[in-house]
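Notes follow the structure.
The values are calculated or read from the model by the stated rules, or taken from the named source; none is laboratory data. All values derive from a computational prediction rather than experimental measurement. All Cβ positions, glycine included, derive from the backbone under ideal geometry; neighbour counts span all protein chains shown. We work out accessible area using only protein heavy atoms, side chains counted, and drop any ligands, DNA or RNA first. Shrake-Rupley method; radii C 1.70, N 1.55, O 1.52, S 1.80 Å.
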Amino acid sequence: MLYDNHGRQLRYLRLGVTERCNLRCFYCMPEEGLNFSHRSQILSFEEMERLTRILAEMGINKVRITGGEPFVRKNIMELIENISAIEGIDSVNITTNGTSLIEHLPKLKAIGIDAINLSLDCLDKERFLKITRRDEYDQVMNSFQALMDSGITTKINMVVMEEHNLEDIIPMCELTLQHKVNVRFIEEMPFNGGGKKFTPITWNARQILAHIQGHYPNVEKLTDAESSTSLNYQLPNAKGSFGIIPAYTRTICHSCDRIRLTPKGELKTCLYDGGSFSFRDFMRAGATDEEIRNQFRTLFSNRAKDGFEAQQKSSNPFESMATIGG
Ligand code: SAM
């Protein structure tokens with residue numbers, strides 16, 4: 001089993017499968033894109049599967065496929081299917097922008113994908129265009145409807161940004177009245193790849209909740225799973241629920257069970273750490289499974305207590321969520 005130096009067991013791998021994305025959300029990367037790594041610098045499927053198998057042997061039982069946009073990586077379904085088949089992996093989830101999800105849904109359902117997180121920052125076509133800088137609103141809304149019809153557990157990720165989508169908070173909440181969906185409001189973080197100046201947010205988890213309670217005073221607090229990153233609630237008589245993720249104010253670190261592997265194979269023991277070790281280089285230099293296991297143990301025995309400590313220790317400027325595997 002894999003534990004960190006604070007007694008937290010690691011159970012959940014977030015695997016970034018590509019840095020590339022077909023949207024250009026202004027809070028994530030610059031309009032012209034990033035200085036994307038060459039294909040040879042990105043882990044192959046075999047390397048990703050090997051690291052996942054080793055981690056599964058160490059007690060990791062849940063994997064999230066993320067990026068960049070997972071569905072822009074060629075043959076991604078092959079990787080998803082192989083990861084799902086690894087012994088010990090009970091749950092495979094995907095985070096996607098939904099632009100090309102529909103064509104893959106039947107296969108994803110057949111593989112038994114447990115849940116899909118759809119990123120959608122607003123319910124208005126014009127605002128969508130302004131935020132993502134791509135005309136893909138209709139495709140994403142079609143994906144949302146297809147997800148609702150498929151019965152796959154669905155969460156919507158909405159990054160809350162002052163002056164950009166505050167007017168969408170209540171309509172997003174109200175989606176849960178009609179649909180069995182969990183809408184998650186995420187505090188904006190500085191991981192934008194230099195695409196914009198980050199000013200410390202005022203719309204934090206507390207403010208978002210107060211805003212919703214201003215419209216729905218009888219919001220009910222739900223019980224959160226032990227390692228949940230979201231504080232969960234429900235509107236009266238809603239089919240779904242909503243959550244708030246204090247990603248920037250970081251009140252959730254105490255139960256963090258996550259491991260992040262970037263598309264280049266760097267380990268992040270915390271979202272806010274600079275990326276400490278290249279498993280890609282280690283594997284390509286011939287490391288054995290035993291050496292890889294020991295390396296995970298060593299790195300997690302020196303893990304920051306929380307995101308503030310990790311940020312303090314990190315010398316890296318804030319990169320894009322797409323290169324981290326958000
Ligand atoms: N392309 C996929 C998608 O759009 O869902 C997966 C990768 S994306 C980087 C993962 C999540 O990170 C999305 O929900 C996105 O909104 C979120 N994200 C990106 N940049 C962020 C930032 N600066 N602050 C908070 N969340 C961010």
At 7 Å along Cα-to-Cβ for each site, give me the label-to-label distance between SER227 and SER37 in nm.
2.3 nm
Pairs of Cα atoms farther than 23 Å apart, the range 193-313, %:
49 percent
Using the Kirkwood radius over Cα pairs, work out the Stokes-Einstein diffusion coefficient for the range 158-223 at 20 °C and 1.002 mPa s, in µm²/s as a whole number.
162 µm²/s
Antiparallel %, DSSP beta bridges [both residues in the chain], to 5:
25 percent
Carbon and sulfur together cover what percent of the accessible area of the range 120-233 at a 1.4 Å probe radius?
47 percent
Name the lysines eligible as straight-distance cross-link partners of LYS305: C-alpha to C-alpha under 18 Å, and not fewer than 8 places from it in the same chain.
LYS268, LYS313
Using alpha carbons only, what's the Rg to Rh ratio of the chain with Rh from Kirkwood?
0.94
Output needed: percent of Cα pairs per 5 Å distance bin for the range 92-195, bins running from 0 to the one holding the longest distance.
2, 12, 23, 25, 19, 12, 6, 1, 0
Unmatched cysteines, the chain - criterion: no other Cβ of a Cys under 4.7 angstrom
CYS21, CYS122, CYS173, CYS253, CYS256, CYS270
So for the range 1-110, Kirkwood radius off the Cα pairs, Stokes-Einstein at 25 °C and 0.890 mPa s: how many µm² s⁻¹?
162 µm²/s
Can you give the angle from 0 to 90° between the axis of helix 45-57 and the longest principal axis of the chain, with both taken from C-alpha atoms, to the nearest 10?
90 degrees
Taking the simple approach of a point 7 Å from Cα along Cα-to-Cβ for both ARG297 and THR199, what is their distance in nm?
5.0 nm
Looking at this model, which pairs from LYS107/LYS155; LYS74/LYS109; LYS130/LYS221; LYS155/LYS196; LYS109/LYS197 are more than 30 angstrom apart at the alpha-carbon?
LYS130/LYS221; LYS109/LYS197
Roughly what would the spin-label model give for LYS130 and GLU167, points 7 Å off Cα along C-beta, in nm?
0.8 nm
At 222 nm, what helix-only mean residue ellipticity would the chain give, in deg cm²/dmol to the nearest 500, using -39500 (n - 2.57) for each DSSP H run of four or more?
-9000 deg cm²/dmol
Can you give me the relative contact order of the chain as a percent, contacts being Cα pairs under 8 Å and 6 or more apart?
24 percent
Principal axis dimensions, largest first and in whole angstrom, of the range 210-265 by Cα:
45, 22, 22
Of the GluC sites (Glu not before Pro) in the range 37-144, those whose Cβ has at most 12 other Cβ within 10 Å and which sit in DSSP loop
GLU87
Test of understanding: given the chain, find the longest segment containing no trypsin sites (Lys or Arg not before Pro) that are in a DSSP loop and have at most 11 other Cβ atoms within 10 Å.
198-326
In whole percents, the bins of 10 Å from zero upward hold the Cα-Cα pairs of the range 44-162 as 13, 43, 30, 13, 2
The whole-number value in µm²/s of the Stokes-Einstein translational diffusion coefficient for the range 9-60, with Rh from the Kirkwood sum over alpha carbon pairs at 10 °C and 1.306 mPa s, is 120 µm²/s
Computed lengthening from THR251 to ASN218, 0.36 nm per intervening residue step minus Cα-Cα distance:
9.5 nm
When the expected Rg is taken as 2.2 N^0.38 Å, what fraction or multiple of it is the alpha-carbon Rg of the range 109-267?
1.06
With the 1.4 Å probe rolled over protein heavy atoms, the chain has an accessible area per residue in Å² of 44 Å²
